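Below is one structure, written out as structure tokens; the observations come after it.
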Amino acid sequence: MSVNEDSQKARHLLDELAKVGRTITYREMAQRLGLSGPKQIARLSSILEDVMSEDVEKGRPLRAALVVSRLTPHLPRPGFFAHARRLGVLSDEDPATYHQSMLDAVKREN
């Protein structure tokens, strides 16, 4: 599958998760997208960054917030927050607070 096809499939899956108010782990998301191999999470992170960039461009909340670590406190990986900062949508806010605000916004929009 091409990066564009993977991104489209990820968008669809994120929209479905938002409709039911559910998060998903990185590993589960990678499996659902059919990603495999030693760099599957890095590839997934790249796909999610593309989705984040599109969301910011269109003025939407970050759907990638639905993808979380399986470990407590079940937040996205640091790359999510770093990319949000690069996109200018996160400044000095506490990451956990920002994440919760994105989850709330994504769920409200769907």
Selected residue (criterion: surrounded by the fewest Cβ atoms within 10 Å (Cβ to Cβ)) from residues of segment 37-62 that are among the small types (Gly, Ala, Ser) and assigned to a loop (DSSP other than H, G, I, E, B): 59
Segment 17-38 residues that are free of Cβ contacts under 8 Å to residues at least 12 places away in the same chain, paired with ones that are surrounded by 14 or more Cβ atoms within 10 Å (Cβ to Cβ) (beta carbon under 9 Å, 6 or more apart): 20/110; 28/67; 31/40; 36/30; 37/43
Selection within segment 6-25 - more than 14 Å from residue 55 (Cβ to Cβ) and charged (D, E, K, R): 6, 9, 16, 19, 22
The lone exception for residue 15 - which of (1) of a type outside the set (S, T, N, Q); (2) within 21 Å of residue 4 (Cα to Cα); (3) under 14 Å from the mean Cα position of the chain (by Cα); (4) crowded, with 19+ Cβ neighbours inside 10 Å it fails: (4)
Lone qualifier among 30, 65 - being modelled with pLDDT of 95 or more, buried (at least 19 other Cβ atoms within 10 Å of the Cβ) and under 15 Å from residue 103 (Cβ atoms): 65
Members of segment 9-26 that are in a helix (DSSP H, G or I) and either among the small types (Gly, Ala, Ser) or out of contact with any Leu (no Cβ under 9 Å at 6 or more places or on another chain) (or both): 10, 11, 12, 15, 16, 18, 19, 20
Flag for residue 58 being over 13 Å from the mean Cα position of the chain (by Cα), modelled with pLDDT of 95 or more, of a type outside the set (S, T, N, Q) and farther than 21 Å from residue 94 by Cβ: yes
Hits in segment 94-108 - residues which are among the charged types (D, E, K, R), part of a helix (DSSP H, G or I) and exposed (fewer than 12 other Cβ atoms within 10 Å of the Cβ): 108
Selection within segment 63-93 - hydrophobic (A, V, I, L, M, F, W, C), assigned to a helix (DSSP H, G or I) and within 17 Å of residue 29 (Cα to Cα): 64, 65, 66, 80
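The values are calculated or read from the model by the stated rules, or taken from the named source; none is laboratory data. Not measured: the values here are computed from a predicted model. Note that we place each Cβ from the backbone using ideal geometry, even for glycine, and neighbour counts take in every protein chain shown.
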